[in-house]
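Comments concern the structure below.
The values are calculated or read from the model by the stated rules, or taken from the named source; none is laboratory data. Here the structure is a predicted model, which means the values were calculated and not measured. Note that each Cβ is placed from the backbone with ideal geometry, even for glycine, and that neighbours are counted across all protein chains shown. Surface accessibility is based on the protein's heavy atoms, side chains included, excluding ligands, DNA and RNA. Shrake-Rupley method; radii C 1.70, N 1.55, O 1.52, S 1.80 Å.
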Amino acid sequence: MGFPEGFLWGAATAAYQIEGAANEDGRAPSIWDTFSHTPGRVLAGDTGDVAADHYRRWPEDLASMAELGLNAYRFSISWSRVLPEGTHGPLNRKGVDFYSRLIDGLLEHGIAPVATLYHWDLPQDLEDAGGWPVRDTAFRFAEYAERIGRELGDRVRMWTTLNEPWCSAFLGYASGVHAPGRTDPAAALAAAHHLNLGHGLAVRALRGVVSPDARHSVTLNLHHLRGDPEAVRRVDAVANRIFLGPMLGTGYPADLLEDTAPITDWSFVRDGDAGTCAPLIDVLGVNYYQPTLVSLGPSSAEPGADGHAVSEATPFVGCEDVAFLPQEGEHTAMGWVVDATGLDEMLLRLHRDHPGLPLMVTENGAAFDDTVDGDGRVRDERRIAYLRDHVAAAERALDAGVDLRGYFAWSLMDNFEWSYGYSRRFGIIHVDYATGTRTWKDSAFWYRDLIATGGPGRVPSQEAGSR
Ligand code: GBH
């Protein structure tokens with residue numbers, strides 16, 4: 001039992017969070033450039049203009065991945081970097097070459113590239129044309145998928161269409177704490193549908209142009225819900241089953257349509273969409289950070305750390321009678337509770353509800369207030385404990401029969417944490433934003449040892465990770 005041969009041990013990043021070079025080599029703005037440059041949207045006015053400077057420092061980051069012993073790296077492609085003039089315009093050769101060189105470097109080191117097409121950074125001109133609430137955006141997304149697939153599809157064997165469409169739809173268009181910052185619940189539900197549609201169209205487009213042995217996936221941030229059954233049902237409908245249903249072929253759940261009837265009549269769903277949203281996928285990516293505790297009661301937004309990034313408007317549309325409750329236990333710098341049992345429970349639920357669907361943990365990690373000590377060490381023992389306990393939960397799921405294919409730590413390096421800017425550090429590698437200097441945290445050494453020795457039942461203890 002335990003981790004099988006070929007299990008992917010990876011780390012994950014996203015383009016806008018690490019690349020920087022926002023205005024270089026022909027890149028056009030995305031909604032996150034606009035949002036981060038709008039005063040009051042991001043803590044301390046931080047932007048992704050420079051970020052972790054990965055666009056320039058990628059060779060050093062690649063060397064770290066090789067030293068860590070990763071056999072997979074999950075990154076995202078910046079749509080507006082490769083198609084700055086829109087899907088009908090020319091490919092930006094410099095932008096494509098950046099990803100092409102990175103992929104070649106990964107393959108030289110035996111690291112499988114896992115490419116995500118969309119990690120929240122819609123080209124601004126598409127938002128100006130209406131964004132995800134507009135049907136046409138799904139078709140533009142598929143065109144982008146096809147064009148980048150033709151360029152990189154001979155070497156990338158693992159494709160992911162969307163990262164966390166829940167965030168794109170509901171944080172972007174309902175609570176407005178993410179770009180483009182709109183607060184229109186009906187638009188958010190339309191956005192969710194067009195993301196489902198875009199996923200389906202993109203998988204189909206990719207299958208036509210990339211290597212036939214490539215595997216296709218989508219990554220969801222499924223909410224692992226606990227508490228009052230009716231509250232759980234309501235949030236499960238509008239946060240989980242709104243994507244799982246259409247993408248996996250059972251369509252929109254009846255209870256979701258009922259709960260949201262006061263908000264929209266769902267007339268944006270057209271004949272034939274059900275089939276389009278549900279191409280066969282080879283693996284489902286799951287991002288897990290914490291469980292969610294709910295009850296029936298007066299509406300409340302999920303509590304945000306320091307009272308920041310909590311909008312008056314709830315992202316959980318149709319759940320105005322659901323309360324999100326604080327949870328007992330240790331909390332991270334995000335204010336998120338540490339509870340690894342939610343991970344194996346979630347994986348088991350997916351295994352039960354969708355038998356035969358391979359799963360992958362595409363993100364898991366924690367933010368803590370890390371500092372580089374005088375001796376050059378970052379003593380992030382709480383992150384080591386977090387990762388160790390969640391890897392153990394992944395192993396429990398495997399032992400219970402879940403077809404789990406990989407585990408990716410979020411994140412390879414500290415980066416732009418969206419509306420929290422650079423104030424929250426998720427990396428196993430520390431980034432000094434003033435100098436760009438990278439420093440391996442103790443958790444990076446620990447993860448290296450886990451990968452080197454982590455056979456069945458052999459998750460190293462916290463004391464491992466010797467330098
Ligand atoms: C992931 O999303 C992202 O993929 C990644 O880019 C990010 O850096 C990482 O996690 C760490 O945050 O109801 O408005 O209070 C995080 C998933 C889901 C976490 C929504 C916060 C509560 C939002 N997020 N959740 S709200």
Would you calculate the separation in nanometres between label points at ALA400 and GLU24, each defined as 7 Å from the Cα along the Cα-to-beta-carbon direction?
4.6 nm
Whole-number accessible area per residue in Å² for the chain, which is evaluated in the context of all protein chains at 1.4 Å:
35 Å²
Could you rank ASP128, ASP25, ASP121 by how accessible they are, 1.4 Å probe, largest area first?
ASP128, ASP25, ASP121
For MET334, residues with placed amide H under 5 Å, excluding near neighbours
ALA367
Of ASN364, LEU343, LEU197, farthest towards positive along the dipole that unit charges on Lys, Arg, Asp, Glu beta carbons give the chain:
LEU197
Förster radius 30 Å - calculated FRET efficiency between ARG379 and GLU85, Cβ distance, rounded to 0.05
0.05
Calculate the length of the line joining the C-alpha centroid of the stretch 367-432 to that of the stretch 136-172, in whole Å.
26 Å
Suppose every K and R has +1 on its Cβ and every D and E has -1 on its Cβ; what is the size of the dipole of the chain about the Cα centre, in Debye to the nearest 20?
1000 debye
Semi-axes of the equivalent ellipsoid for the chain, Cα gyration tensor, largest first, Å:
30, 26, 23
Counting only DSSP beta bridges with both partners in the chain, the antiparallel fraction in percent, to the nearest 5, comes to 20 percent
For LEU284, what residues show an amide H to amide H distance below 5 Å, using hydrogens built from the backbone and excluding near sequence neighbours?
LEU359, MET360
Mean Cα-pair separation over length for the chain, i.e. relative contact order, pairs under 8 Å, 6 or more apart, %
17 percent
So how far apart, in nm, are the two label points at GLU320 and ALA392 if each is 7 Å from Cα heading toward Cβ?
4.5 nm
Paramagnetic label zone (point 7 Å from Cα along Cα-to-C-beta, THR371; backbone N under 12 Å) in the stretch 408-439
none
Leaving out ligands, DNA and RNA, and with a 1.4 Å probe, what % of the accessible surface on the chain is carbon or sulfur?
52 percent
Project the alpha carbons of the stretch 76-229 onto their principal axes and report the range along each, largest first, in whole Å.
49, 39, 25
At 7 Å along Cα-to-Cβ for each site, give me the label-to-label distance between HIS331 and SER100 in nm.
4.9 nm
Pair-distance profile P(r), taking every C-alpha pair of the stretch 174-291, with 10 angstrom steps and integer %:
12, 40, 36, 11, 1
Just to compare against my own numbers: the Cα pair-distance distribution for the stretch 386-443, 5 Å bins, whole % per bin, please.
4, 16, 21, 18, 13, 12, 9, 5, 1, 0
Net dipole in debye of the stretch 40-197 [+1 Lys, Arg Cβ; -1 Asp, Glu Cβ; about Cα centre; nearest 20]:
200 debye
The correct ranking of HIS199, HIS354 by accessible area at 1.4 Å, largest first, is HIS354, HIS199
